[in-house]
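The values are calculated or read from the model by the stated rules, or taken from the named source; none is laboratory data. Nothing here was measured: the structure is a model prediction, and the numbers come from that model. Counting neighbours? That spans all protein chains shown, and the Cβs are built from the backbone with ideal geometry, glycine included.
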Amino acid sequence: VSGGSPDHQRFDAGAFDDLVSQLDSPMAVVTTVAGGERAGCLIGFHGQCSITPRRYAVWLSKANHTYRVGLLSDAVAIHLLAEGDASIAELFGTVTSDDVDKFERAAWTEGPHGLPLLDACPHLIVARRVSLFDDGSDHVCLVTEPLEVSTAGSFRPLRLAAVDHLVPGHEAEDRPHPDSSRDAAS
Ligand SMILES: Cc1cc2nc3c(=O)[nH]c(=O)nc-3n(C[C@H](O)[C@H](O)[C@H](O)COP(=O)(O)O)c2cc1C
């Protein structure tokens with residue numbers, strides 16, 4: 001549907017949010033490192049996106065420190081959170097490494113590619129970034145190739161409903177909005 005059509009104008013973002021929130025997405029923490037700088041944030045936007053070969057996508061907000069480090073790194077660790085991981089979700093979802101080094105507040109071990117692996121989160125995918133897709137919206141999509149997986153067995157995911165009261169360290173609209181030269185001229 002092209003922008004400006006009657007269908008587009010009727011779009012109700014609140015109805016969309018209500019519908020999608022019923023999926024009650026499982027939560028994850030993605031960590032990465034580049035040039036010795038560690039980063040990580042809570043994500044709800046993630047999922048498998050190919051079968052052969054296996055691929056897993058994560059979406060990073062352009063407002064986040066993790067996004068800026070992720071642009072420079074070639075690998076990520078995707079920690080799938082379990083029901084008991086609410087305090088890890090709170091640390092990685094409400095604090096930004098623009099202010100505080102989260103890795104001084106959570107136990108971690110250095111893994112492949114120098115990635116910080118969270119000791120409290122055993123359900124893990126270590127993956128290599130194969131592409132990055134930016135459609136101009138407020139998140140970018142990183143498509144990754146899983147290199148290693150580990151788990152402590154079956155688990156019940158920590159879901160959005162358990163953490164949707166958290167206030168993100170950065171709201172998506174925190175991203176920079178440079179003035180357009182055409183706006184400035186008008
Ligand atoms: C419930 C919830 C879901 C979130 N989902 C995402 C997400 O899918 N992608 C993302 O980049 N940030 C997401 N965030 C926001 C970041 O986790 C949050 O802004 C974090 O503090 C950023 O830290 P950083 O600046 O150190 O990277 C979410 C936050 C919450 C509370």
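Output the strands (runs of 3 or more DSSP E) that fall wholly within the range 67-151 and possess 2 or more residues being in contact with an Asp or Glu (Cβ under 6 Å, 6 or more places away or on another chain) and within 12 Å of THR32 (Cα to Cα), or say none.
Qualifying strands (runs of 3 or more DSSP E): 124-133.
With the condition being touching a His at 6+ places or on another chain (Cβ under 6 Å), I'd like the strands (runs of 3 or more DSSP E) fully within the range 5-66 carrying at least 1 qualifying residues.
28-34, 37-43, 55-61
Yes or no, residue by residue, for (1) within 14 Å of the ligand (Cβ to nearest atom); (2) under 17 Å from ASN64 (Cβ atoms); (3) of a type in the set (A, V, I, L, M); (4) at pLDDT 95 or above:
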| residue | (1), (2), (3), (4) |
| --- | --- |
| GLY111 | no, no, no, yes |
| PRO122 | no, no, no, yes |
| CYS141 | yes, yes, no, yes |
| LEU158 | yes, no, yes, yes |
| ALA161 | yes, no, yes, yes |
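What pairs come up if the first residue lies in the range 88-100 and is without any contact (Cβ under 8 Å) to a residue 60 or more places away in the chain, the second is among the charged types (D, E, K, R) and within 8 Å of the ligand (Cβ to nearest atom), and their beta carbons are under 7 Å apart, counting only those six or more places apart or on different chains?
That search, which allows pairs on different chains as well, returns LEU91/LYS102.
Please tell me if VAL126 is crowded, with 19+ Cβ neighbours inside 10 Å, among the β-branched types (Val, Ile, Thr) and away from the ligand (no atom under 16 Å from the Cβ). Step through it out loud before you land on a result.
Details: crowded, with 19+ Cβ neighbours inside 10 Å: yes; among the β-branched types (Val, Ile, Thr): yes; away from the ligand (no atom under 16 Å from the Cβ): yes.
For VAL126, the condition - crowded, with 19+ Cβ neighbours inside 10 Å, among the β-branched types (Val, Ile, Thr) and away from the ligand (no atom under 16 Å from the Cβ) - is met.
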